[in-house]
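I have placed the structure first, in the form of structure tokens, so that the comments after it can refer back to it.
The values are calculated or read from the model by the stated rules, or taken from the named source; none is laboratory data. As the structure is a prediction and not an experimental result, all values here were calculated from the model. Counting neighbours? That spans all protein chains shown, and the Cβs are built from the backbone with ideal geometry, glycine included.
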Amino acid sequence: MKPSYQDLLHRNGRIFTIIGLVILLGIPIMISIISGVPPQYSAMFGAIITLSILYLPGGIVELTTYSPVLGTSATYLAFITGNLANLKIPCVLNARQLAKTEIGTEENEVVSTLAVAFSSITTIVIMALGVLLLAQLQPVLTNPVLRPAFDWVVPALFGALGYQYFIKNPKIIIVPLVFILLISALMPSFVQGNLSILIIVSAVVSVAWAKLLHTKKMI
Amino acid sequence: MLLNVSEIKESWWLYVMGLGVALFIISGSLYFVISAVKKSKELHMPKEVIKRTIISSISFSILPSIGIFIGVITMAGLLGIPLPWIRLSVIGALHYELMAASIAAEGITLMTLTTQNFVTIAFVMTISILWGPIFTLLFFKKYQQKVINKAATGTSGGFGKILFDAFFIGLILAFFGDAFSKIFQFNIRLVVDGAYVLDELGKPIVDNIPTFVPVIVFFSALFASLVFDLLIKKFQLKWLENFQLAFSMIIGMAVAVFLGMGGIV
């Protein structure tokens, strides 16, 4: 039986992920081999366990939360290139708004793949240029006057994106906004330390409220 | 002869590895682009949609990418340029990498860094963040077939589209919450030469500096987006749509700079 389009995307995505994992793991191994120095095993395993306790749940949450937004190819690409919440997801949301595609359609798959691919290429090119021109760029980028701009690039990004979604769905915002204001005021350190959990909780509150409005035919 | 850590962290071969990672990401991305463009032709999608998607994605990604590159500069003091370049080009983030370095080699500073510390840090940074790609490899296909496809097509009475819009609103509000919470508390760990600064007890030195700036920046960008939207509609500036988000972000970021110049941080 001929594999479906989605099956083909999964096959290609998995090949890309496996190659990516091999390259990523190959780097510390190569550093160790070339320098002739092994890692300090006890410190390494201890640190990996500690960090994995912190980041393993995040891996599950990110996959379950972001993959519906990203679509098939873009999920594989984004989970190797990283910067999901602060770059790839907003980039896809923006592209989807402009192209007016519906999630779950093949057109949306095309748009989200192009968005994540070109976003990844842009990041890689800027990073490479930055490394190449470091001496010239460092004084500008670390200038104390400009620093706040890059300290707060994420709120700027979500403010700009938020308008497009808020304006079209004013009724859906009310309850999740009140919830977010309360939890952020009462538990600021939890919010800042557990953003991936907050995203899930906020999304659940928002979807539940939207469902209620829809059931009551208010949206 | 064993190399010392200063030679390793700025070695030519580590730059070559960075270049290899960059080429892998670019070639992988281009492969997905070619497949997507082929599919768009099969679906008879207008070329204009493809062009707009590409232009808006590039323009949108420039500023956050510069922000990511500043992370390389922050980490370079301790680890040199190529390793942070590699790490921040793929899955990872500045706060994660700093934490990984501090846990892998406790109390490390530029003066005490050894080759073995450097190698250990490289292993820890790489391995501990791989859970996302590993889960994607193992479970994504099943999850998509059993959950996502059904949610996208199986929701009754037209709730499917509302569901995803509500989901995105939840996501955006979570980031607003992160900005809003900083009005009440904002702990910053002190970083010098790419490593956390520790107190006498070996704990990172933390400053609590509550700030209104991220909320002001959020609303400035939101308001700028509204103004651009009005301009686009009133003057039929179709081209501006591709840059609406990028320009709104620039305005939000410019407000942060002006506030900073006025002593508000």
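Values for this structure:
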read-out	value
Hey, A:TYR55 within 30 Å of B:ASN149 (Cα to Cα), buried (at least 19 other Cβ atoms within 10 Å of the Cβ) and at pLDDT below 95 or not	yes
Hits in region B:232-244 (condition: in a helix (DSSP H, G or I) and either surrounded by 13 or more Cβ atoms within 10 Å (Cβ to Cβ) or in contact with a Leu (Cβ under 6 Å, 6 or more places away or on another chain) (or both))	B:ILE232, B:LEU240, B:GLU241, B:ASN242, B:PHE243, B:GLN244
Residue within region B:106-122 that is crowded, with 20+ Cβ neighbours inside 10 Å, at the interface with chain A (Cβ under 7 Å from one of its Cβ atoms), hydrophobic (A, V, I, L, M, F, W, C) and farther than 21 Å from A:ALA203 by Cα present	yes
Residue in region A:90-110 that is modelled with the lowest pLDDT, counting only those that are part of a helix (DSSP H, G or I) and more than 7 Å from every other protein chain (Cβ to nearest Cβ)	A:GLN97
Residue match in region B:67-87 (condition: more than 9 Å from chain A (Cβ to nearest Cβ) and on the phi > 0 side of the Ramachandran plot)	yes
Segments classed as helices (runs of 4 or more DSSP H), wholly inside region A:142-219, with at least 3 members that are under 25 Å from A:TYR55 (Cβ atoms) and in contact with a Pro (Cβ under 9 Å, 6 or more places away or on another chain)	A:153-168, A:195-215
Pairs with Cβ under 7 Å, 6+ apart, first in region B:8-22 and assigned by TED's automatic domain parsing to the domain that holds B:LEU88 and more than 9 Å from B:TRP85 (Cβ to Cβ), second of a type in the set (Phe, Trp, Tyr) and part of a helix (DSSP H, G or I)	B:ILE8/B:PHE118; B:LYS9/B:PHE118
Selection status of B:GLU97, in a helix (DSSP H, G or I) and either more than 28 Å from A:PRO90 (Cβ to Cβ) or more than 9 Å from chain A (Cβ to nearest Cβ) (or both)	yes
Yes/no for B:VAL257 being under 25 Å from B:LEU98 (Cα atoms), facing chain A (nearest Cβ under 7 Å) and without any contact (Cβ under 8 Å) to a residue 60 or more places away in the chain	no
Residue list for region A:32-51, filter: more than 26 Å from B:LEU23 (Cβ to Cβ), assigned to a helix (DSSP H, G or I) and in contact with a helix residue (DSSP H, G or I) (Cβ under 7 Å, 6 or more places away or on another chain)	A:ALA43, A:MET44, A:ALA47, A:ILE48, A:THR50, A:LEU51
Within region A:194-219, tally of residues that are of a type in the set (Gly, Ala, Ser) and either assigned by TED's automatic domain parsing to the domain that holds A:ILE60 or surrounded by fewer than 16 Cβ atoms within 10 Å (Cβ to Cβ) (or both)	1
Residues (among the hydroxyl-bearing types (Ser, Thr, Tyr), touching a residue at least 24 places away in the same chain (Cβ under 8 Å) and within 19 Å of A:ILE80 (Cα to Cα)) located in region B:109-150	B:THR126, B:SER128
Count of residues meeting criterion [more than 7 Å from chain B (Cβ to nearest Cβ) and within 19 Å of the chain's Cα centre (by Cα)] in region A:189-203	6
Residue, farthest from the other protein chains (Cβ to nearest Cβ), within region B:28-46, restricted to residues that are without any contact (Cβ under 8 Å) to a residue 12 or more places away in the chain and of a type in the set (A, V, I, L, M)	B:ILE34
Region A:1-50: number of residues that are of a type in the set (Phe, Trp, Tyr) and more than 30 Å from B:ILE108 (Cα to Cα)	2
Counted residues, region A:111-145 - those being at the interface with another protein chain (Cβ under 7 Å from one of its Cβ atoms) and crowded, with 17+ Cβ neighbours inside 10 Å	18
Which listed residue, of B:GLU97, B:GLU106, is touching a strand residue (DSSP E or B) at 6+ places or on another chain (Cβ under 9 Å), touching a residue at least 12 places away in the same chain (Cβ under 8 Å) and acidic (Asp, Glu)	B:GLU106
Matching option when the condition is farther than 28 Å from B:PHE180 by Cβ and in contact with a Gly (Cβ under 8 Å, 6 or more places away or on another chain), among A:VAL140, A:VAL131, A:VAL110	A:VAL131
Number of positions in region B:84-94 that are part of a helix (DSSP H, G or I) and either aromatic (Phe, Trp, Tyr) or closer than 20 Å to A:PHE45 by Cα (or both)	2
